[in-house]
Number of protein chains: 2
Amino acid sequence: MIKVAIVGYGNLGRGVERALQQNADMELVGIYSRRDPSTVHTEGAPAYALAELEQQKGKIDVCILCGGSATDLPVQTPSLTKDFNTIDSFDTHAKIPEHFANVDQAAKENQTVSIISTGWDPGLFSLNRLYAESILPKGETYTFWGKGVSQGHSDALRRINGVADAIQYTIPKNEVIERLKAGETLELTTRDKHLRECFVVLADGAEEAAIKEEIVTMPNYFDEYDTIVHFISAEDLARDHQAMPHGGTVLRTGITHEQTKQVIEYNLQLESNPEFTASVLVAYARACARFAKEEQFGAFTVFDIPPKYLSSVEDATLRKELL
Amino acid sequence: MIKVAIVGYGNLGRGVERALQQNADMELVGIYSRRDPSTVHTEGAPAYALAELEQQKGKIDVCILCGGSATDLPVQTPSLTKDFNTIDSFDTHAKIPEHFANVDQAAKENQTVSIISTGWDPGLFSLNRLYAESILPKGETYTFWGKGVSQGHSDALRRINGVADAIQYTIPKNEVIERLKAGETLELTTRDKHLRECFVVLADGAEEAAIKEEIVTMPNYFDEYDTIVHFISAEDLARDHQAMPHGGTVLRTGITHEQTKQVIEYNLQLESNPEFTASVLVAYARACARFAKEEQFGAFTVFDIPPKYLSSVEDATLRKELL
């Protein structure tokens, strides 16, 4: 049995708790949170204070870190990797090289293993970009996201004066995906690829027209997109917008010779983004435990991990049944 | 530069020659064929007799074996792996364990590397089955093929008395794929998943109705499918059916918790099956050369190869640009 601890218990941590129930070779030893453990309502696993985690050194095979990329993981992953093997889903793309270097140093100095930036993007989407570009060196890669909630854009809406609450969906333009798949070569702007749909609850006294204008012209977040704004009640927001669907497409269109077109498409349709991300983390936790057993220490990403390390099935059976 | 030889020069071998032109870190040193080299019309690379290959021991990094799975590869791959690192696209699923064992023994005894059964199925489809099943342990995997030419079924048509020539396309039932993606749980028979479409040129004096009956009732090949038979002229066959398109879909539908559905889809649309398969072989040839350099000897499959080994781009750049 691979002994696993969950660090951080929001939507992602809860998703990991659920995913572990589907993996018979793993045992959840505890959930560690910064909150008072008595206020952490798990689905069955014992909750502990994060401060108690270091006493478990040597008793946990992998810690699955479920904090946020903005402030938690840049500190937690290097720090916990000094004592434990770790997995995270660090997704601030621009800071991945720096994060990797910090975690790699901690892992190598302390003979531990960390697999960073797992999940689906970065993670499975990255893998598909790598495989597809290696196989079709002459071509174009496109990544589309959605339909799904963007936390960053939802937060940007909520920071507007006069907005009581809001949620933003990123929606890929499927007709563009279909044209690319059909072999068209398109020069795509930001506006061509995605649509942004906002559901906004106004604060008392706020004015629809002014708020809408502020949204659609907001630099970086909305000005380069076609943006649809709906004003709804707090009740409607609570009733209709609690699910966390997401997904997206990685498309590689390439040419193998003269005009011979080849298309590789990878597509995710997720009813729960955090539960799916959690399932990816758990599969890579298995790989992490194996790397540690083999004393392959350091920081790694999905690019480094042989696919078979994700499976609980033995190699000969994989070759027989899945190859 | 990775020095590559092509062994066997049919459609796949020609595809490899073309793919190598797109990979600046590889050098094609020669094409080895059982035919008289003066009759082998390459696109520029020198052609040699297969018997001359063994004199090149030590001068070639990887031999890409482009023979057939029925009779060539079961003999060639273990034999050539005694002297060279090799890649093949052995695709007789039921015999993969035996083939793997033979090649593994040759590779380990002679300190070489062989990556067998690369291509797209087995190959990329296998990888996607493995990743998807590891991430969503609770679910169903479906593989659909086509639209594309099945050589086995085309050969079966040609063996019928009264058939002068023929080609068979396997066509996936897209409406079934859409229903599965929409979350339906379906018990699918063979007939539900694929359609078979045959284009047949009759021999002189043969009778349409009798041939059609023989086709649609042929055990193993057609009797379990809805089969459409068209009778066409030799000229039409030559004009309209020389392209070698193929493709298909690997679909994993799973549940992460209670009723939360998640769908992973991998889809290929190939204008040239042999050129695409060749492109996969070439990417794995790079991995093969690296395993050899690292003295990781033995037989391997796509399941064993860290994804980054397929790319000519260095690790830090991959993390920065593709993760």
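Odds and ends about this structure:
- Among the residues listed as A:Gly44, A:Gly13, A:Gly8, the single one being buried (at least 18 other Cβ atoms within 10 Å of the Cβ), at positive phi and touching a residue at least 12 places away in the same chain (Cβ under 8 Å): A:Gly8
- Residue identified as closer than 17 Å to B:Leu130 by Cα and in contact with a helix residue (DSSP H, G or I) (Cβ under 6 Å, 6 or more places away or on another chain) among A:Val302, A:Val250: A:Val302
- The condition of being at the interface with chain A (Cβ under 9 Å from one of its Cβ atoms) and at negative phi holds for only one of B:Glu98, B:Glu109, B:Glu140, B:Glu133, that being B:Glu133.
- For A:Ala278, the conditions (1) more than 14 Å from the chain's Cα centre (by Cα); (2) more than 7 Å from chain B (Cβ to nearest Cβ) are fulfilled apart from (1).
- Residues that are part of a strand (DSSP E or B) and out of contact with any Pro (no Cβ under 7 Å at 6 or more places or on another chain) within the stretch B:37-63 comprise B:Val62, B:Cys63, listed in sequence order.
- The residues in the stretch B:295-323 that are free of Cβ contacts under 8 Å to residues at least 12 places away in the same chain, under 27 Å from the mean Cα position of the chain (by Cα) and more than 7 Å from every other protein chain (Cβ to nearest Cβ) can be counted, and the count is 1.
- The residue that is modelled with the lowest pLDDT, counting only those in the stretch B:187-208 that are within 18 Å of B:Glu224 (Cα to Cα) and outside any strand (DSSP E or B), is B:Glu187.
- Which numbered condition B:Val250 fails, given (1) outside any loop (DSSP other than H, G, I, E, B); (2) touching a strand residue (DSSP E or B) at 6+ places or on another chain (Cβ under 8 Å); (3) surrounded by fewer than 21 Cβ atoms within 10 Å (Cβ to Cβ): (3)
- Matching residues in the stretch B:1-36 - criterion: being part of a helix (DSSP H, G or I) and at pLDDT 95 or above: B:Leu12, B:Gly13, B:Arg14, B:Gly15, B:Val16, B:Glu17, B:Arg18, B:Ala19, B:Leu20
- Verdict on A:His230 being within 28 Å of A:Tyr9 (Cβ to Cβ), of a type outside the set (Ser, Thr, Tyr), assigned by the TED database to the domain that holds A:Glu133 and touching a residue at least 12 places away in the same chain (Cβ under 8 Å): no
- Residue that is nearest to the other protein chains (Cβ to nearest Cβ) [pool: residues in the stretch A:114-130 that are hydroxyl-bearing (Ser, Thr, Tyr) and under 19 Å from A:Phe291 (Cα atoms)]: A:Ser117
The values are calculated or read from the model by the stated rules, or taken from the named source; none is laboratory data. For clarity, every value in this text was computed on a predicted model and none was experimentally measured. Glycine gets a Cβ as well: all are built from the backbone with ideal geometry, and neighbour counts include every protein chain shown.
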